[in-house]
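A short write-up of the structure that comes next.
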Amino acid sequence: MKPIALILTIFLWTSCQAQHQPDIEEGQMPLYEHLVEKITAADNGAAAEKIVGQTDGKRLVLMGEASHGTAEFYNRRAMLSKKLIEEKGFNFIAVEGDWAAIFQLNKYIKDLPGAAGSAAEVLHAFDRWPEWMWGNTEVEKLAEWMREFNEDRPEDEKVGFYGIDVYGQWEALEKLHLLVERFQADLASEVSELLACYEEFKGNEWDYAGMVFRGMTSSCEEDLAALLEKLESGAHSAGNWADYEFFRLHQKGLVLKNSEKHVRLAANDRGGSWNARVNHFWQTTQRLLEKYGPDSRGIVWAHNTHVGDASHTTIMRMQGQVNIGQLSREELGEENVFILGFGTFTGRVNAGSEWGSPMQIMNVPESPSGTYEHLLSQMPKEEFAMVFDSEDRQFQPLREYIGHRAIGVVYNPRQESGNYVPTRIAHRYDGFWFIRKTNELEVVE
């Protein structure tokens, strides 16, 4: 080899080596070296196959997101969900959204009576902040795919799409009155009496919570518990408990009962308020698994803070908070659940500067050194997935608590330090999907 060619070869080899030297704290090198061996690149479909291959025999697959406004998180979850539905026979997707509003999308997906003419028509009608969370083109495309998938399937085999959150309670209340009149007219008078307490504060639930806290009004807790019991006993006695409309009827009562508890406790028991909401997530998911039968399998979409097992974070554990990831593992058994987290290093995101404020497209700054997102940004691939096993969970660096990004619908990029949850990532999740740079959602026009 000529001297100049040899020099050029050495230069290129040295440059490549330098490019793969991670810019991380010295103490994180053992963790980096361990994780770099686990990554499966996403650019050739191998990462998706790796994740889907882990779901055999699982009753529930939970997929997270590090924000509620990142297009890639929605897109990748949709891609994986399609594979789980087509290849593994999963029956439904349950999302961190309002039951009543999301059910309109379910009606379209299943082509039920009264369904809208398109997914976009449904999503345009979403009017509770943050509208972009479900009124976006990624959800629209998934809904149209699910509609087409269901087209020639029997009614009881159609795949569904449901909301598992406690919000949207006033819409649920209105629909409850209508459904009771239609299906349990003999209970209409009693139901109206039991709803009267909470209905007095319709649209002003936080005023209600404040007044209860200050002793200015009585709690509606007992009335709503009695309402739920009345709906259950009425359906059972009529022999209609398995009917779809009675399932919906009971679910609306459950939304009202749990939403009241969530808002009432917010005034003086933050942990209890959080748990009331996430217990509703889990109760609704359980009901869907029961509704679809003993062999049913479900997919859950929610923020990482909801799906990533809360018992493996410091903050949530200290505050006595649980989440659907922890509850599903405890109730179904870890062997029957797969939890996939998502993360990003930098990019852009849809969010508001405060609750109810206009949506903005905000820049997401690069994660600081010492966080999981910064460490993963140093990997040789820009997008990849990892699957964790029992050996990983015994590896000491993965037993340490390290900051893990969590962006909410309210976001201030200038106060990033508060957006990192100390986490044991290999314990909190069964797998993790990382994208170095991400983009905002496109709102349905």
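Any read-out appearing in this document is the output of simple, stated calculations on the displayed coordinates, not a laboratory observation. Remember, predicted model here, so these are calculated numbers, not experimental data. No Cβ is skipped: glycine too gets one built from the backbone with ideal geometry, and neighbour counts run over all protein chains shown.
Tabulated results
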quantity: Percent of Cα pairs exceeding the 11 Å cut-off, where the set is the range 105-147; calculated: 60
quantity: Distant-in-sequence amide H partners of Leu62 (H built 1.01 Å from N, under 5 Å); calculated: Val300, Phe338, Ile339, Leu340
quantity: Length gained when the stretch His34-Val443 is fully extended (0.36 nm per residue, less Cα-Cα span); calculated: 143.3 nm
quantity: Rough spin-label spacing in nm, given labels placed 7 Å along Cα→Cβ, for Glu200 and Thr346; calculated: 5.6
quantity: Förster radius 51 Å - calculated FRET efficiency between Asp186 and Ile24 (Cβ-Cβ, nearest 0.05); calculated: 0.15
quantity: Paramagnetic reach from Asp243 (point 7 Å along Cα→Cβ, amide N under 17 Å) across the range 183-201; calculated: 183-189
quantity: Long-range amide H partners of Thr423 with built H, under 5 Å; calculated: Ile402, Gly403, His404
quantity: Pairs beyond 27 Å (Cα-Cα), from Lys158/Lys230; Lys50/Lys110; Lys58/Lys175; Lys230/Lys261; Lys83/Lys261; Lys175/Lys291; calculated: Lys158/Lys230; Lys50/Lys110; Lys58/Lys175; Lys83/Lys261
quantity: For Val95, residues with placed amide H under 5 Å, excluding near neighbours; calculated: Tyr162, Gly163, Ile164, Trp301
quantity: Full-stretch length increase - Thr314, Ser357 - with 0.36 nm per residue and alpha-carbon distance subtracted; calculated: 12.4 nm
quantity: Paramagnetic reach from Asp111 (point 7 Å along Cα→Cβ, amide N under 11 Å) across the range 124-148; calculated: 147-148
quantity: Against the rule of thumb 2.2 N^0.38 Å, how large the Cα Rg of the range 286-438 comes out; calculated: 1.10
quantity: Cα principal axis extents for the range 116-260, largest first, Å; calculated: 52, 39, 19
quantity: Modelled FRET efficiency - R0 41 Å, His124 with Glu232, Cβ distances, 0.05 increments; calculated: 0.70
quantity: Projected-area average for the chain over all orientations - Cα convex hull basis, square nanometres; calculated: 25.0
quantity: Overall form of the range 257-328 per C-alpha gyration tensor (a/c, 1.5; a/b vs b/c); calculated: oblate
quantity: Given charges at Cβ of Lys, Arg, Asp, Glu: the chain dipole, positive-most of Gly168, Val409, Trp132; calculated: Val409
quantity: Tail beyond 14 Å, pair distance distribution of the range 384-445 (Cα, percent); calculated: 68
quantity: Sorted peptide list for 277-285, 176-184, 427-435, criterion being average Cβ within 10 angstrom, highest first; calculated: 427-435, 277-285, 176-184
quantity: J(HN,Hα) series, the range 370-387, from Karplus relation 6.51 cos²θ - 1.76 cosθ + 1.60, nearest Hz, glycine and proline x; calculated: x, 9, 4, 5, 5, 4, 5, 5, 8, 5, x, 10, 7, 9, 6, 10, 10, 10
quantity: CD proxy at 222 nm, helix term only [per DSSP H run n ≥ 4: -39500 (n - 2.57); per residue of the chain; nearest 500]; calculated: -14500 deg cm²/dmol
